[in-house]
Structure formats: structure tokens, C-alpha cells
Amino acid sequence: MNTLTIFKDYIWKLLLLILVGATIGLIVARENVLFLGVLVGLAFFILLVRRPELSLAILFNGTLIYFYLIYKLDIESSRLLTGGFYAFLSLSYLLGGVLLNARRPYKFRLSSVDVLFIFFFLWAFLSYFIFYTENNLAYKKITLAPLLVIVPYFGIQLLSSEERIKKFFKYCVLVAAILIIPSLYELIFNLILTEAAGFSIYLIKGEEANHILFGITFAILLLIIFIKIYERKENKFKYLILIIPSAYLLLRSGSRGVLISLVITVVFYLLFITTMRLKTKIYAVVFIALLFSVAYKFMPESTIVSYRSTFEYQNMPIELSSVLQRITIWKEAIIDFKENPILGVGMGNSVGGSGFPHNIILEVSAEFGIIGVFMFLSMCYLTIKKAMRFIKREEKQDLNLLMKLSLILFVYSLTEAMFSGYITNQTQLFMSMGLVVSLTKLKANNQRRDLERKRAL
């Protein structure tokens with residue numbers, strides 16, 4: 001009997017034993033609140049194991065749910081708590097993916113992108129130890145890498161069926177759509193959050209509101225809906241209930257990088273991917289421009305001033321201009337690369353030890369040198385090349401659409417990574433890269449099965 005099949009047969013019995021043991025222990029200890037929390041957690045865990053595409057979608061576009069719950073429950077956030085949340089998701093989609101593939105034999109094959117990915121992060125870890133300086137951010141980056149980048153990249157490839165990948169995109173829209181309601185509620189009633197030029201649904205004590213993550217969540221929702229509308233010629237009006245508030249919330253986030261990345265991605269889609277007529281492309285551009293123009297009219301003055309400052313940054317002091325701050329740290333990262341072009345300065349040691357150049361290309365160049373940037377750019381090039389070739393050759397409409405969605409999300413994540421984030425928290429970037437690779441493997445496996453059937457006949 002297949003080892004995976006045996007594992008599948010016993011895993012639910014194991015989970016039941018854990019549940020019974022935890023229940024008895026907590027009842028004896030009279031920890032009723034904790035008992036209820038554990039019970040809910042286990043029930044949710046079983047749901048996520050049965051639907052690994054849901055846990056992957058939460059990781060990809062729904063982590064705001066976790067941070068919002070922490071904020072509303074007034075729980076003090078910590079690295080341990082947040083790490084536990086990511087570990088919870090990782091265990092659920094890995095276990096669910098293994099069980100999913102136990103139903104039908106699936107041979108995992110390494111692609112050229114997989115090999116580059118493995119060697120790139122091996123070099124990243126090696127760089128950390130070679131240039132170890134007791135840097136706190138370097139430690140943070142190295143500990144986040146497994147949960148936010150490495151495991152998600154391979155975990156999403158366990159969705160080895162067209163149906164599961166379809167559900168993944170469906171859940172990406174669903175989790176963001178759910179967030180619209182509390183976002184509007186906080187926008188109307190929470191004066192503490194609405195005072196800021198950049199709005200976010202939560203505020204962790206001692207930290208600034210993460211308006212970039214908030215904006216990215218709705219940008220991804222809009223991209224998926226936009227492509228589905230124009231690829232499938234679906235009724236646009238039924239999506240307005242999601243499109244209108246999402247566009248407003250994205251603008252209200254005040255994140256210029258998120259907005260610029262969205263515009264660049266849409267232009268990339270219209271120029272290089274879609275085959276729609278020029279007239280339809282013009283209509284699409286007009287609709288998008290009109291949508292955001294109307295939403296902009298309803299922005300508070302503080303947010304409008306923030307957007308205008310993008311073009312007036314030279315007249316502002318550096319402490320008030322995020323544009324000037326980014327230009328300054330970009331220059332510092334370039335200096336780091338020039339001084340250490342081959343090996344770089346080591347993970348987390350760029351920009352005077354802050355390790356946060358706010359540009360993924362400059363970060364990789366400064367911290368990992370020519371060796372690292374060559375591997376990273378090769379990964380990106382091969383991902384786009386494989387996706388474009390797939391789109392041109394794949395005749396099955398549904399598979400073609402899935403690849404277009406994966407490529408567009410990769411392009412968006414890569415573009416947005418030029419303005420914010422650091423290499424080991426670019427979850428969307430590497431998950432979308434994994435999706436592209438997964439779809440190429442899925443097609444190859446289908447072709448292999450068809451060939452075997454023909455030979456059997």
C-alpha cells in the first residue's frame with residue numbers, strides 16, 4: 001500500500017486522539033475559556049486541512065484577518081504569536097496537500113525555477129552566517145524565510161489539480177471581500193484609524209498602521225476580478241459590489257507603491273497578455289481611470305495631500321517625505337553593492353545595518369552580491385518566460401486563465417517589491433512564482449498521462 005495512503009488513513013484518528021486528550025486535560029484543569037479556544041482552533045485546523053487552498057489563500061491575501069482579530073481582541077502582538085499563526089497555516093496546507101496527493105499518485109519533479117530557488121535561499125542562509133553581525137533585522141529576516149517564503153513556495157505546488165487552483169483564486173477574492181465590511185465599519189466609526197493619511201484596518205501598539213498590506217489586499221482582489229471579467233466576458237455589473245468599495249479602500253490606504261504597481265500591472269496585461277481588441281482595451285482603461293477618479297474625489301484632505309506630495313517631494317524635509325527617504329536608502333544600497341559587488345554585505349546588513357532598502361533588486365544586489373542577483377533575476381526571467389509560453393500554447397481556456405492570473409499576480413508582486421518589503425516577507429511574490437511553476441508541471445503531468453493512455457491502447 002502507498003505510504004501516503006497509509007498516512008491519510010491514520011491522520012484523522014491521530015487528530016481525534018489529540019482533540020480528546022486536549023479536551024480531557026482542559027476540563028480537568030477547569031480552563032473553560034482556553035478549552036473553547038482550543039476546540040475552535042482544532043475545528044478550524046481540520047477545515048483548513050480538508051481545504052489547503054483556503055489556508056494558502058489566507059496566507060496570500062487574508063493575513064489582515066489575523067491582525068484585525070488581534071487588534072479588536074486587544075491582544076498584545078509578539079513574534080511568537082505571529083509566528084505561531086504562520087506555523088498554523090503552514091502545517092494545515094502542508095498536511096492537506098500531502099493528503100490531497102495521496103488520493104492519486106503525484107510525482108514531484110524539480111523545475112529549473114525550483115533549482116534556482118533552492119540555491120538562492122541556500123546562498124541567503126550561507127550569507128547570513130558568513131557575515132553574521134548580531135543584527136536584529138538580519139535575525140528576523142532569516143527566521144521569517146521558512147514560514148513566509150520557502151514553505152509557501154513549495155506548499156502551493158501541492159495544489160496539483162486545476163480545480164484546487166481555481167478554488168485558491170476564488171478564496172483569495174473571498175477573504176478580501178469579507179474584509180470590506182469591517183474596513184468600512186472602522187473607516188466610519190474608528191476616529192483613531194481614520195486620522196492617519198494612510199488608512200489600515202488595524203493598529204498594533206507601538207507600531208505604525210500597515211497601510212501597505214491593507215492596500216495590497218484589495219489590489220489583488222481587483223486584479224483577479226478585472227482579468228476574469230475581460231477574459232471570460234462576464235457581466236461587469238455583478239462585480240460592482242466588490243469593485244467600487246475595493247477601489248475606494250485601496251486609494252484610502254494611501255500607499256503610492258501599491259497604486260503605481262497596480263497601474264503598471266494593468267498596462268502589462270493590456271500590452272503583452274490579453275488579445276482583446278483595441279477598442280475593448282480603451283474601454284477598460286477609461287473604466288479604470290473613471291473608477292479611481294471618482295473614488296479620489298471622496299478621499300479626505302490628509303490622503304490627498306499625501307498623494308500630491310509624491311510630486312512635490314523636493315520641497316519637503318526628508319523626515320516628512322517617504323519618497324526622499326526611499327531615494328536616500330536606494331543610494332546607500334547602491335554604495336553597499338559597489339563596495340562588495342561579488343558577495344554583498346550579507347543578509348540584513350545593507351543600508352547601514354537596517355537591512356531594509358525598500359527595493360528587492362537593490363536589496364538582493366547589496367546583501368547577496370552578483371551571485372545572488374544573478375540567481376534572483378534568472379528566477380524572475382524563467383517564471384515570466386514559462387508563463388508567456390504557456391499562455392501562447394495552451395488551448396484549454398480554464399488553464400490559460402489560471403496561468404494569466406498567476407503571471408499577473410507575479411508581475412504585480414514583483415513591481416510592488418520595488419517599493420516596499422524585504423526579501424523574506426515577499427510571500428505573494430514567491431507564491432505566485434510557485435503557482436506558475438505548478439501550472440507548467442500540471443500541464444506536463446497531463447500530457448504524460450495522455451501519452452501513457454495512448455500507449456496502453
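For the reader, a short list of remarks on this structure follows.
- Additional length obtainable on full extension of the chain from residue 237 to residue 449, 0.36 nm per residue less Cα span: 72.2 nm
- Extended-chain gain in nm, criterion 0.36 nm per residue less alpha-carbon gap, residue 397 and residue 244: 52.3 nm
- Peptide packing for 224-231, 181-188, 410-417 was compared via the average number of neighbouring C-beta atoms within 10 Å per residue; ordered from the highest value, the list is 410-417, 224-231, 181-188.
- In the structure shown, the pairs 170/404; 170/228; 166/385; 167/392 are assessed against 20 Å; a Cα-Cα span above that value is assigned to 166/385; 167/392.
- Every Cα-Cα pair of segment 337-457 was included, and the share exceeding 26 Å stands at 35 percent.
- Each peptide in 285-297, 327-339 was scored by the mean count of other Cβ atoms within 10 Å over its residues; highest first, the order is 327-339, 285-297.
- By the count of neighbouring beta-carbon atoms within 10 Å, fewest first, 223, 122, 262 end up ordered 122, 223, 262.
- Each stretch of four or more DSSP H residues adds -39500 (n - 2.57); spread over every residue of the chain, this sum gives -24500 deg cm²/dmol at 222 nm.
- Estimated FRET transfer efficiency (residue 75, residue 456; beta-carbon r; R0 45 Å; 0.05): 0.20
- Amide H contacts of residue 77 (H built 1.01 Å from N, under 5 Å, at least 5 apart or other chain): 205
- Applying a length cut-off of 30 Å (Cα extent along the axis) and a mean Kyte-Doolittle floor of 1.0 to the DSSP H helices of the chain leaves 3-28, 79-102, 162-189, 211-232, 360-393.
- Among (1) 33, 29, 27; (2) 32, 31, 22; (3) 52, 21, 18, the entry derived from the coordinates for semi-axes √(5λ) of the Cα gyration tensor in Å: (1)
- Projected onto planes of every orientation and averaged, the convex hull of the alpha-carbon atoms in segment 72-229 covers 12.9 nm².
- Put in line by how crowded their Cβ is, counting other Cβ atoms within 10 Å and starting with the fewest, 431, 347, 403, 379 read 379, 403, 431, 347.
Taken together, the values in this text are just the output of simple stated rules run on the coordinates, not laboratory data. Please read all numbers here as calculations on a predicted model, not as lab measurements. Cβ atoms come from the backbone with ideal geometry, glycine included; neighbour counts cover every protein chain shown.
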